[in-house]
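Presented below is the structure to which this report refers.
Read-outs: derived from the displayed coordinates by stated rules, not from any lab. Just so you know, these numbers come straight off a predicted model, no measurement behind them. Note that we place each Cβ from the backbone using ideal geometry, even for glycine, and neighbour counts take in every protein chain shown.
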Amino acid sequence: MNVWQPKPDEILLARAPITFATGEATRVKGMRWFRDTERRDIQHELTGWPPGPVYTAHSRGGTTARNTVKGTVMAAGAVIIGFLSSHGGNISGTPSSNVGTDTSDDQADEVNDFPVMWADPGTVARALPWQLDPARSPAKHYRTHAIVTDQRIVVVGFPYIKEDDRLIRDELLWEVPRYLIANVELRNFKVGHDAKIVFTDGSWCRVSSANRERLTRYLIEPLDFIPLETLTLAQRNTAESFAASQAPDAQPPLVKRNTCGCLRVEILAPSTVHAFFGHSGLNTVMDAHGTELRLSEYHPQDFLT
């Protein structure tokens, strides 16, 4: 393994898979564009990028026809399900647990067009690596991860071997200091895996991650970790014991106070990186007395989203 490591004075906060997002609305489904602020296609101007597909949004007439067919099929399905249910049929299913929604609050950039890079020359987003584009770098051969620290965001890539999700040979592709990030917006249209990262120069990118909450948590939450030396002896013993029970290269525990007053303890170990998930942070919750809580004792505020 050749796993990317933070500097000695840097705190590793998260690692998650990342790619440029993909359009989901009928007009832009399966497509993405790279735009300047005049909404011109700029992919041919991006330095070092290999050629990629040139997309054309579906016509509005075709979109209407497809939506009509889809609506007819869905209506027919509803009639069949209603008939079976009213006649004793057993219709079962598991409700979706994702946060996706069919309602877009950004018609211009989610329905009519789907830019995943919005960048004029010389701006931060313009320098993002081409390996983030699934059309140029398919995930079955190459994976890209974003790493979040207290100082920067880093994008790494590595060849993917299907039979070994733990074989990681990181290549540094791009990085940006945190102070150049203006804000991060969760975008829930359709699947609910997307996020928009806006930089201080006005450029932005739209990315997708199967582990979006992990990727964005410490870009949205304040980094108000509690220094271990300020904990009570019982609290510190619980936090350090939890860290000691993890992988040998586990970082010192990150402790935050939840709004209910309990303390969340989270551990990351670079050696535990997985090609699909990134780092699955290990965490526990203790009360003000340093007693580790059972899952059944958690308050709603103690659960990570």
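Bridgeable lysines around residue 256 (alpha carbons under 23 Å apart, same-chain partners fewer than 8 residues away excluded): 7. Based on C-alpha pairs under 8 angstrom that are at least 6 apart in sequence, the stretch 184-305 has a relative contact order of 17 percent. Here, the stretch 263-305 is characterised by an Rg to Rh ratio of 1.06, where Rg is the alpha-carbon radius of gyration and Rh the Kirkwood radius. Each Lys or Arg adds one and each Asp or Glu subtracts one; over the other residues with Cβ under 13 Å from the Cβ of residue 45, this totals -1. Within the straight-line cut-off of under 22 Å between alpha carbons, the lysines reachable from residue 29 are 70, 140, 190, 196, sequence neighbours fewer than 8 places apart in one chain being disregarded.
Distance from the Cα centroid of the stretch 197-218 to that of the stretch 230-305 is 24 Å (rounded to whole angstrom). Neighbours of residue 195, meaning other residues whose beta-carbon lies under 12 angstrom from its beta-carbon, give a summed charge of +3 when Lys and Arg score +1 and Asp and Glu score -1.
Contact order for the chain, expressed relative to its length and based on alpha carbon pairs under 8 Å spaced 6+ residues apart, stands at 21 percent. Listed by chain and number, the aspartates and glutamates placed with their C-alpha closer than 19 angstrom to that of residue 162 are 170, 171; residues fewer than eight positions away on the same chain are left out.
Beta bridges assigned by DSSP with both partners in the chain are antiparallel in approximately 90 percent of cases. Entry for the chain at q = 0.07, 0.08, 0.10 Å⁻¹: log10 I(q)/I(0) = -0.35, -0.45, -0.69, Debye formula applied to identical alpha-carbon scatterers, no solvent contribution.
Per residue of the chain, the DSSP helices (runs of n ≥ 4 H) give a summed -39500 (n - 2.57) that works out to -5500 deg cm²/dmol at 222 nm.
Shape annotation for the stretch 228-302: C-alpha extents along the principal axes are 36, 27, 17 Å, from largest to smallest.
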